[in-house]
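Notes to accompany the following structure.
Every number here is computed from the coordinates shown, using simple stated rules; none is lab data. Because the structure is a prediction, the values reported are computed rather than measured. Here the Cβ is made from the backbone with ideal geometry for all residues, glycine too, and neighbour counts use every protein chain on show.
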Amino acid sequence: MTTPPRFKAAAVQAAPAFLDLDAGVDKAERLIAEAASQGAALIAFPETWLPGYPFWIWLGAPAWGMRFVQRYFDQSLMVDGPHMARLREAARRHGIHVVMGYSERSGSSLYMGQALIGPEGGLIAARRKLKPTHAERTVFGEGDGGDLKVHTTALGRLGALNCWEHVQPLVKQAMFTQGEQLHVGSWPSFSLYRDMAYALGPEVNLAASRMYAVEGSCFVIGACATVSEEMTALLCDAPDRAKMLLPGGGFSMIFGPDGRPLAQPLDERAEGLVYADIDLGLIPLAKAVADPVGHYSRPDVLRLMFNATPHQLTERFDGRFDTEPNQAGKP
């Protein structure tokens with residue numbers, strides 16, 4: 001009889017090296033080393049942590065935010081570039097699984113990416129957020145059905161989503177049907193519009209991670225960034241903007257398949273790692289009560305239509321595919 005894997009997981013709660021990709025990868029390497037030194041087999045990073053989430057899109061008119069556009073593009077990561085190579089080498093050097101959130105530069109477009117890297121440094125997957133949320137669509141392009149995949153690893157069946165992908169029921173169901181056991185939820189921070197939009201705050205979004213764990217009967221490693229004083233000084237150049245984006249906002253947490261919080265939370269302004277012990281043997285216990293893709297489903301009544309085929313901008317009549325900017329760099 002095979003014993004289900006048991007291991008330690010870590011979720012990052014830290015501010016990015018904002019708009020500085022070199023410094024961001026330096027910081028990522030330090031956090032990867034720290035997690036590995038504490039015995040973690042998996043470390044998860046927040047959404048677009050490299051080179052930071054583009055909060056200016058929520059703080060003013062597009063014309064005001066144009067001052068950041070070129071710099072953000074220049075500091076975004078290419079999947080086949082040297083910064084990804086450094087992350088892969090860090091994972092290999094420390095023998096740890098890494099899930100990194102980043103702004104992906106592909107051609108002249110940007111995408112909200114997550115890289116799943118194995119402990120030998122191999123790139124398991126480089127996915128894109130299926131649908132950027134609201135103002136994010138002024139910066140980022142869309143992923144496709146090929147980005148909704150769960151992958152077999154030495155730790156278990158691993159998947160990842162960004163931010164409000166966790167409130168799209170059909171996206172979640174597509175992941176659950178693939179036997180997901182370990183899920184990384186990457187979040188930017190919960191400090192935007194704190195007194196203006198309750199849905200963007202910690203209560204709702206922590207609940208989204210927790211309910212994902214319950215609905216999928218899986219472990220959720222929720223990594224949430226913080227907003228630094230340096231970031232607010234750069235972005236909040238007027239009193240009204242200072243009210244929209246507050247320092248802090250870090251609420252990283254790890255949930256078990258029954259929805260139980262498994263980690264000791266940090267103060268929302270604190271930087272560090274939250275850890276939890278993962279025992280995949282607990283998943284069958286949770287699914288014994290309600291398995292949404294097994295005995296607790298009703299496919300005769302409700303079924304999901306899921307096009308998992310990666311989208312290509314151009315298809316030749318001879319059946320060969322062009323590599324267009326919207327897909328360049330994807331493995």
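Being within 16 Å of GLN168 (Cβ to Cβ) and part of a helix (DSSP H, G or I) is the filter here, so list the residues in the stretch 124-149 that pass it.
HIS134, GLU136, ARG137, GLY145, ASP147
For the stretch 150-175: of the residues being touching a residue at least 60 places away in the same chain (Cβ under 8 Å) and part of a helix (DSSP H, G or I), which is nearest to PHE45 (Cα to Cα)?
Checked the stretch 150-175; the qualifying residue nearest to PHE45 (Cα to Cα) is CYS163.
If you take the residues in the stretch 286-303 that are among the aliphatic types (A, V, I, L, M) and surrounded by 14 or more Cβ atoms within 10 Å (Cβ to Cβ), which one is farthest from GLU229 (Cα to Cα)? Steps first, answer last, please.
Here is the first cut: in the stretch 286-303, the residues among the aliphatic types (A, V, I, L, M) are 286, 288-290, 293, 301-302.
Among the residues that remain, those that are also surrounded by 14 or more Cβ atoms within 10 Å (Cβ to Cβ) are: 286, 293.
Numbers: ALA286: 41, VAL293: 44 Å.
Filtering the stretch 286-303 for residues that are among the aliphatic types (A, V, I, L, M) and surrounded by 14 or more Cβ atoms within 10 Å (Cβ to Cβ), the one farthest from GLU229 (Cα to Cα) comes out as VAL293.
Got a sec? Which of ASP277, ASP267, ASP258, ASP291 is more than 21 Å from LEU158 (Cβ to Cβ) and among the acidic types (Asp, Glu)?
On the way: ASP277 fails: more than 21 Å from LEU158 (Cβ to Cβ); ASP258 fails: more than 21 Å from LEU158 (Cβ to Cβ); ASP291 fails: more than 21 Å from LEU158 (Cβ to Cβ).
After applying the criteria, what remains is ASP267.
Could you grab me the full set of residues in the stretch 25-58 that are farther than 20 Å from VAL184 by Cα and surrounded by 21 or more Cβ atoms within 10 Å (Cβ to Cβ)?
Hits for the stretch 25-58 are PRO54, PHE55, TRP56.
So which pairs qualify, if the first residue must be in the stretch 87-111 and under 21 Å from GLN75 (Cα atoms), the second must be of a type in the set (Asp, Glu) and assigned to a strand (DSSP E or B), the Cβ gap must be under 6 Å, and the two must be at least 6 apart or on different chains?
Cβ pairs passing all conditions: TYR111/GLU104.
Taking the condition of being buried (at least 22 other Cβ atoms within 10 Å of the Cβ) and either aromatic (Phe, Trp, Tyr) or out of contact with any strand residue (DSSP E or B) (no Cβ under 9 Å at 6 or more places or on another chain) (or both), how many residues in the stretch 73-105 meet it?
1
So that you can scan it fast, the table gives a plain yes or no per residue for (1) touching a helix residue (DSSP H, G or I) at 6+ places or on another chain (Cβ under 9 Å); (2) over 23 Å from ILE43 (Cβ atoms):
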site: GLY65; (1), (2): yes, yes
site: ARG71; (1), (2): no, yes
site: GLY81; (1), (2): no, no
site: ALA90; (1), (2): yes, no
site: ILE96; (1), (2): yes, no
site: SER103; (1), (2): yes, no
site: LEU110; (1), (2): yes, yes
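Please enumerate the residues belonging to the stretch 248-261 that are over 14 Å from PRO46 (Cβ atoms) and either of a type in the set (Gly, Ala, Ser) or surrounded by fewer than 20 Cβ atoms within 10 Å (Cβ to Cβ) (or both).
GLY256, ASP258, GLY259, ARG260, PRO261
Pairs only if they're at least six apart or on different chains, beta carbon under 6 angstrom, first in the stretch 201-215 and more than 20 Å from GLN181 (Cα to Cα), second surrounded by fewer than 17 Cβ atoms within 10 Å (Cβ to Cβ); list them, first residue then second.
As it stands, the answer is none, since no pair meets every condition given.
For a quick check of your reading: which helices (runs of 4 or more DSSP H) sit entirely within the stretch 60-122 and have at least 2 residues that are out of contact with any His (no Cβ under 9 Å at 6 or more places or on another chain) and under 19 Å from GLY159 (Cα atoms)?
Numbers: elements: 62-65, 69-74, 82-94.
Fully inside the stretch 60-122 and qualifying: 82-94.
Scanning for something touching a residue at least 12 places away in the same chain (Cβ under 8 Å), surrounded by fewer than 18 Cβ atoms within 10 Å (Cβ to Cβ), in contact with a strand residue (DSSP E or B) (Cβ under 6 Å, 6 or more places away or on another chain) and over 17 Å from ALA225 (Cα atoms), does the stretch 262-285 turn up at least one residue?
Scanning the stretch 262-285, I find at least one residue that is touching a residue at least 12 places away in the same chain (Cβ under 8 Å), surrounded by fewer than 18 Cβ atoms within 10 Å (Cβ to Cβ), in contact with a strand residue (DSSP E or B) (Cβ under 6 Å, 6 or more places away or on another chain) and over 17 Å from ALA225 (Cα atoms), so the answer is yes.
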